[in-house]
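This report refers to the structure that appears directly beneath it.
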Amino acid sequence: MAIWIEEDAKILVQGITGNQGTFHATKSVEFGSNIVGGVTPGKGGQTVDLGQKEVPVWDKMTVAIEATDADASVIYVPPRFAGAAIIEAADAFNDVKGTGVIVCITEGIPTLDMVKATAHVRSIEGVRLIGPNCPGIITPGDTGGAKIGIMPGHIHAKGRIGIVSKSGTLTYEAVAQTMSIDEGQSTCVGIGGDPVNGTGFIDCLSAFEKDPQTAAVVMIGEIGGSAEEEAAEWVAENMSKPVVGFVAGMTAPPGKRMGHAGAIISGGKGTASEKVAAMEAAGIRCANDPSEIGAVLLKSLKDAGLR
Amino acid sequence: MNIHEYQGKNLFRDAGLPVLAGVHCTSVEQALSAYDKLNSKVVAVKSQIHAGGRGKGTLYNPVNGDEVMQGGVKIAFSREDVENYSTNILGNNLVTKQTGASGKIVNNLYIESGCAIEHEYYLAILVDREEKMPLIMASTEGGMDIEEVAESNPEAIHKVHVDVNSGVTVEQATNLAHSLGLEGNASNSFVEMLQGLFTLFVEKDCSMVEINPLVRTEDDTMILLDAKVGFDENALFRHPDIVELRDLSEEESTEIRAKEAGLSYVKLDGNIGCLVNGAGLAMATMDVIKLYGGEPANFLDVGGGANEEQVKTAFSIILEDPNVKGILVNIFGGIMRCDIIARGVISATQALGLEDPLVVRLVGTNYEEGRAILAASDLNIHTAETLAEGAEKIVSLIGGDE
């Protein structure tokens, strides 16, 4: 088990003929992920060389899912087309098999396009959206695993720690920290740094709580919004497994967007110290420094009798 | 992206929304002829800067720092008043609680007709991140700081979530009008205005529209007396008309240059420059510098696939800040290879003749090669294995210089 994505999941790539699509699909194949093909409107019937294998391209998601029985799709299309790509994928998964996971890597999608896309995805019960503006999701396997996104595969190993994060490179830090105490990962989910996204912290925490492979969770937040505070409240009431955390942006000034479109303290709300206080109050041990995540996690595992 | 009030009012006027007559001016002469043209008993003389709190701000002489006038928004009852106020505003430095102590030089004025105000309200439209829907907020406590109202009297703020596809329904708008105590003509005027304003919000991809105050006049019509309008940067590609409204003098020039180079940079007040890949890690790097007793000089994210040239641009932007006394480079190589970063760091330090202490931490893809390249150079580059070690080193290296 893992969450949402099994290690042998069948994966489609939307925008597979673009630079980003081909590059990252090739990396996924190198990692051992089961990329079954891709979609680029107008390029149906072609094939794409992904190094170790060649995969077919379709014009539309419905045809691609019918042909491959894909479990998931990953979107590398440019921002102005990404909202429509999400909606197309959601409808296609719903029509063909009723379930599917859509992972949107694209950064820079207009917020109102995401308002429309997330409303559409929410109206379809079996379909999940991860991202946008995220590194993706990875379930490391015994050999390889399902790497759906842009994360460096080689830093991961199969294990029992679930990771959920708003940030890309900080997720990699968290992965490295679990490895430093000889722990691997069940699934790592980048939920993305945009103000409006699909899957949130609570979705991930709730799935990790139910997942028998996951023993503990690392949760990485950052300034902006109140998702961390809401997640903390949820953890206090519902989570039996240990959760440790880190929140980036203690020194961020108010009113300034810190790289991610959603990382902004506005009207005095969304500060890192409020988030850490809410998380600590919910029993989530927080590291002051990403280099301490391993030590904090180890302590939590020991206290829970897991080490 | 933000625009000036007068630009927001023009957008409102074009959309048929109720605003008063007004003229944008950049000189005292223009202000006087605007007064003559408006033919209104009283006019408002309003400083135009991209920051709130203008009315309660203070104007200072930018050369000698002497206080010139209290208040960046003035009501003028005569031609002499207009002359006096515009002279005191234009070219002077307006400090408000949103500008920070350095303030902003006022280069633009808006001269607006007066009206007979019966009551002031607050109205805003923004995107609620948690509900993933547009949200309308309104209150009868107009003219006040909304954060203060939220703190002291949260029941006074009425909230309505709106479906982006269907827009504000008549029922939603009418209910909100009634919550604000508006009846009859005032309610009808409010409903029409709100539907139009929401349509504008969606059509122009606004990130926020704030009207403080929205006013009810003595004859029960609603007028948008303020216009704070922000746009979603990600959607500007479909709004060339909005891009033209950008006033670059209101933005940090280094931040603009960084954006052009594909970097994300925010200047801060400390003395340790940071160069990092990833927004979250860049914030964490600033935090850890602070944790070890230093002060970060900037936020800088070089992004996921930076090349040698971008690394060089990043260094030159960091070094433009005269406060910078040392630099910490923190890279977790994913797509980005550490050997490429190492070469970029070496060529940038050579090209720019960097003399300040430099600490580099490389992990992830090809980190051994990256570290070997740095070690083989005869430049004064310190390396670190962890972020904590890197922060500790740069803080102590800077302390040693003092």
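The values are calculated or read from the model by the stated rules, or taken from the named source; none is laboratory data. Computed from a predicted structure; not experimentally measured. Because the Cβ atoms are built from the backbone with ideal geometry, glycine has one as well, and the counts that use them run over all protein chains shown.
General observations
- Single unsatisfied condition, A:ALA84 versus (1) more than 30 Å from B:ARG337 (Cα to Cα); (2) crowded, with 24+ Cβ neighbours inside 10 Å; (3) not charged (D, E, K, R): (2)
- Among residues of segment B:207-237 being within 14 Å of chain A (Cβ to nearest Cβ) and in contact with an Asp or Glu (Cβ under 7 Å, 6 or more places away or on another chain), the one that is modelled with the lowest pLDDT is B:ASN212.
- Some residue of segment B:258-273 being basic (Lys, Arg), within 30 Å of B:ASP128 (Cβ to Cβ) and either part of a loop (DSSP other than H, G, I, E, B) or at the interface with chain A (Cβ under 8 Å from one of its Cβ atoms) (or both): no
- First in segment B:189-207 and over 13 Å from B:ALA124 (Cα atoms), second anywhere and among the hydroxyl-bearing types (Ser, Thr, Tyr) and buried (at least 22 other Cβ atoms within 10 Å of the Cβ), Cβ under 8 Å, 6 or more apart: B:ASP205/A:THR111
- Qualifying residue in segment B:173-180 (condition: outside any helix (DSSP H, G or I), more than 14 Å from every other protein chain (Cβ to nearest Cβ) and over 27 Å from the mean Cα position of the chain (by Cα)): yes
- Unmet requirement for B:TYR122, which otherwise passes all of (1) hydroxyl-bearing (Ser, Thr, Tyr); (2) over 24 Å from the mean Cα position of the chain (by Cα); (3) within 14 Å of chain A (Cβ to nearest Cβ): (2)
- Those residues of segment A:119-142 which are among the β-branched types (Val, Ile, Thr) and more than 9 Å from the chain's Cα centre (by Cα), in sequence order: A:VAL121, A:ILE124, A:VAL127, A:THR139
- Residue that is farthest from the other protein chains (Cβ to nearest Cβ) [pool: residues in segment B:144-170 that are in contact with a helix residue (DSSP H, G or I) (Cβ under 7 Å, 6 or more places away or on another chain) and assigned to a helix (DSSP H, G or I)]: B:VAL170
- The set of residues in segment B:48-104 that are assigned to a strand (DSSP E or B), touching a helix residue (DSSP H, G or I) at 6+ places or on another chain (Cβ under 7 Å) and more than 26 Å from A:GLY255 (Cα to Cα) comprises B:VAL68, B:MET69, B:LYS74, B:ALA76.
- Any pair with Cβ under 6 angstrom, 6 or more apart, that starts in segment A:34-48 at a residue that is part of a strand (DSSP E or B) and ends at one that is surrounded by 15 or more Cβ atoms within 10 Å (Cβ to Cβ) and of a type in the set (Phe, Trp, Tyr): A:VAL39/A:TRP58
- The strands (runs of 3 or more DSSP E) located wholly in segment A:103-179 that include 2 or more residues which are more than 21 Å from A:GLN14 (Cβ to Cβ) occupy A:158-165.
- Here segment B:244-255 is the region considered, the condition is being surrounded by 13 or more Cβ atoms within 10 Å (Cβ to Cβ) and more than 20 Å from B:VAL106 (Cβ to Cβ), and the residue that is farthest from the other protein chains (Cβ to nearest Cβ) is B:THR254.
- Boolean, A:MET279 is away from every other protein chain (no Cβ under 11 Å), surrounded by 18 or more Cβ atoms within 10 Å (Cβ to Cβ) and over 12 Å from A:LYS166 (Cα atoms): yes
- Each residue in segment A:154-168 was checked for being touching a residue at least 60 places away in the same chain (Cβ under 8 Å), over 18 Å from A:TRP4 (Cβ atoms) and either more than 11 Å from the chain's Cα centre (by Cα) or more than 14 Å from chain B (Cβ to nearest Cβ) (or both), and 1 pass.
- When segment B:274-296 is filtered for residues that are part of a strand (DSSP E or B) and more than 20 Å from A:ILE150 (Cβ to Cβ), the ones remaining, listed by number, are B:CYS274, B:LEU275, B:PRO296.
- Cβ pairs under 9 Å, 6+ apart, first in segment B:229-255 and basic (Lys, Arg), second part of a helix (DSSP H, G or I): B:ARG238/A:ARG80; B:ARG246/B:LEU236
- Just one residue in the set B:GLY91, B:GLY53, B:GLY72 is at pLDDT 95 or above, surrounded by 14 or more Cβ atoms within 10 Å (Cβ to Cβ) and on the phi > 0 side of the Ramachandran plot; that residue is B:GLY91.
- Qualifying residue in segment A:68-77 (condition: in contact with an Asp or Glu (Cβ under 9 Å, 6 or more places away or on another chain) and either part of a helix (DSSP H, G or I) or over 30 Å from B:VAL127 (Cα atoms) (or both)): yes
- Complete set of residues in segment B:87-124 that are of a type in the set (S, T, N, Q) and either in contact (Cβ under 8 Å) with a residue 12 or more places away in the chain or within 17 Å of B:VAL43 (Cβ to Cβ) (or both): B:THR87, B:ASN88, B:ASN92, B:ASN93, B:THR96, B:GLN98, B:THR99, B:ASN107, B:ASN108, B:SER113
- When segment A:202-224 is limited to residues that are in contact with a Phe, Trp or Tyr (Cβ under 7 Å, 6 or more places away or on another chain) and not small (Gly, Ala, Ser), the one that is nearest to the other protein chains (Cβ to nearest Cβ) turns out to be A:ILE220.
- Residue that is surrounded by the fewest Cβ atoms within 10 Å (Cβ to Cβ) [pool: residues in segment B:362-402 that are in contact with a Gly (Cβ under 6 Å, 6 or more places away or on another chain) and among the small types (Gly, Ala, Ser)]: B:ALA384
- Test: residue in segment A:169-185 that is more than 21 Å from B:VAL363 (Cα to Cα), within 12 Å of the chain's Cα centre (by Cα) and within 14 Å of chain B (Cβ to nearest Cβ): no
- Only one of the numbered conditions (1) closer than 11 Å to B:LEU263 by Cβ; (2) in contact with a helix residue (DSSP H, G or I) (Cβ under 7 Å, 6 or more places away or on another chain); (3) more than 7 Å from chain A (Cβ to nearest Cβ) is violated by B:GLY294, and that is (1).
- Residues (of a type in the set (A, V, I, L, M, F, W, C), surrounded by fewer than 24 Cβ atoms within 10 Å (Cβ to Cβ) and under 22 Å from B:ASP287 (Cβ atoms)) located in segment B:316-335: B:ILE317, B:VAL324
- Residue check, B:VAL363 within 14 Å of another protein chain (Cβ to nearest Cβ), closer than 30 Å to A:GLY136 by Cβ and not small (Gly, Ala, Ser): yes
- Here segment A:240-272 is the region considered, the condition is being at pLDDT below 85 and at the interface with chain B (Cβ under 7 Å from one of its Cβ atoms), and the residue that is nearest to the chain's Cα centre (by Cα) is A:ALA261.
- Yes/no for B:LYS104 being within 14 Å of chain A (Cβ to nearest Cβ), crowded, with 17+ Cβ neighbours inside 10 Å and on the phi > 0 side of the Ramachandran plot: no
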